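Chemist: A single structure is presented below for examination.
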Amino acid sequence: AFENCSGLTSIEIPGSVTSIGVGAFEGCSGLTSITVNSGNRVYDSREGCNAIIKTHTNTLYVACKSTVIPDDVKVIASHAFMSLIFAPVPEEPLELVIPKSVEVIESQAFAGCRSFKKITFSEGLKSIGYWAFNATLLESVVIPASVNDIDPRAFNRCDSLKVIKVKKGN
């Protein structure tokens, strides 16, 4: 719907929206503010997180470079960070902390996202999907002991990745 609208800096999802297509904000690299009207029964943007979350499933569905993942999110959806796919590499790379409530990172959740060099995974994460971090600029990864399923292509084409540590228990 808004693919490659790099000039788009903020969005507000009204209460009447009940469906948002996967990749609706793909390539919207200027996006820094995401809010959902409090009357929306399907989505929310709790705690000023700058993301769209499917309320019933606690799934982070759409994110941007200023997203802070709330502590009760359980799933990072496929293509969630697609707004950053064509974003220029920042001079000061961003860091992202995945809270312990997140159990699943779905396929291609961060694919092509070059904004993060460091993502901290917390204990509680159980599964990392197909191409979840494909073609990112991650430099090192520490896999928590709680992870029991990593797709073999989860870190495909991560040319900057130099270190992968797997904590005991995996």
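Chemist: Give me the extension gain from residue 100 to residue 162: residue separation times 0.36 nm, minus the current Cα-Cα distance, reported in nm with one decimal. All intermediate terms of the calculation are to be shown ahead of the outcome.
Modeler: On the way: separation 62, 0.36 × 62 = 22.32 nm, distance 2.46 nm.
Extending this stretch completely gives an extra 19.9 nm.
Chemist: A further question on this structure: Enter the Cα centre distance for the pair region 71-124 and region 1-69, rounded to the nearest angstrom.
Modeler: For region 71-124 versus region 1-69, the Cα centre distance is 15 Å.
Chemist: Let me confirm the definition first: pairs of Lys residues in region 52-145, 8 or more apart or on different chains, C-alpha distance under 21 Å. How many are there?
Modeler: 15
Chemist: Protein chains only, probe 1.4 Å: how do 138, 161 rank by accessible area, largest first?
Modeler: Values: 138 5, 161 35 Å².
Heavy-atom accessible area, descending, gives 161, 138.
Chemist: Turning to a different aspect of this structure: Measure off 7 Å from each Cα along the Cα-to-Cβ vector at residue 142 and residue 4, then give the distance between these two points in nanometres to one decimal.
Modeler: About 4.0 nm separates the two model spin labels.
Chemist: What shape does region 80-154 take by its C-alpha gyration tensor, where a ≥ b ≥ c are the square roots of the eigenvalues and a/c under 1.5 counts as rounded, a/b above b/c as prolate, and the rest as oblate?
Modeler: Details: a/c = 2.02, a/b = 1.51, b/c = 1.34.
Note, shape of region 80-154 comes out prolate.
Chemist: Scan around residue 143 for amide H atoms under 5 Å from its own, H built in the peptide plane at 1.01 Å from N, and keep only partners 5 or more places away or cross-chain.
Modeler: Sorted by chain and number, the residues that satisfy this are 165, 166, 167.
Chemist: Heavy-atom accessible area per residue, the chain, 1.4 Å probe: how many Å²?
Modeler: 50 Å²
Chemist: Here's another thing I want to ask about it. Label region 1-99 by shape, choosing from rounded, prolate and oblate, from the square roots a ≥ b ≥ c of the eigenvalues of the Cα gyration tensor; if a/c is under 1.5 it is rounded, and otherwise prolate applies when a/b is larger than b/c, oblate when it is not.
Modeler: oblate
Chemist: Leaving ligands, DNA and RNA out of it, report the carbon-plus-sulfur percent of the accessible area of the chain at a 1.4 Å probe.
Modeler: Heavy-atom surface of the chain belonging to carbon and sulfur, 1.4 Å probe: 50 percent.
Chemist: Report, by chain and number, residues whose modeled amide H sits under 5 Å from the one on residue 43, excluding near sequence neighbours (fewer than 5 apart, same chain).
Modeler: Amide H neighbours of residue 43: 55.
Chemist: Just to be sure I understand, if you calculate Cα Rg over 2.2 N^0.38 Å for this structure, which of (i) 1.22; (ii) 1.04; (iii) 0.98 do you get?
Modeler: (iii)
Chemist: Report the FRET efficiency, 1/(1 + (r/R0)^6), for residue 41 and residue 68, where r is their Cβ-Cβ distance and R0 is 25 Å, rounded to 0.05.
Modeler: 0.60
Chemist: Tally the DSSP beta bridges in region 32-170 and give the antiparallel ones as a percent, rounded to 5.
Modeler: Percent antiparallel among DSSP bridges in region 32-170 is about 25.
The values are calculated or read from the model by the stated rules, or taken from the named source; none is laboratory data. On a predicted model such as this, the values are computed, not experimentally measured, just so you know. Quick reminder, even Gly has a Cβ in these numbers, built from the backbone with ideal geometry, and neighbours come from all protein chains shown. Areas reflect the complete protein model, heavy atoms only, side chains present, ligands, DNA and RNA absent. Shrake-Rupley method; radii C 1.70, N 1.55, O 1.52, S 1.80 Å.
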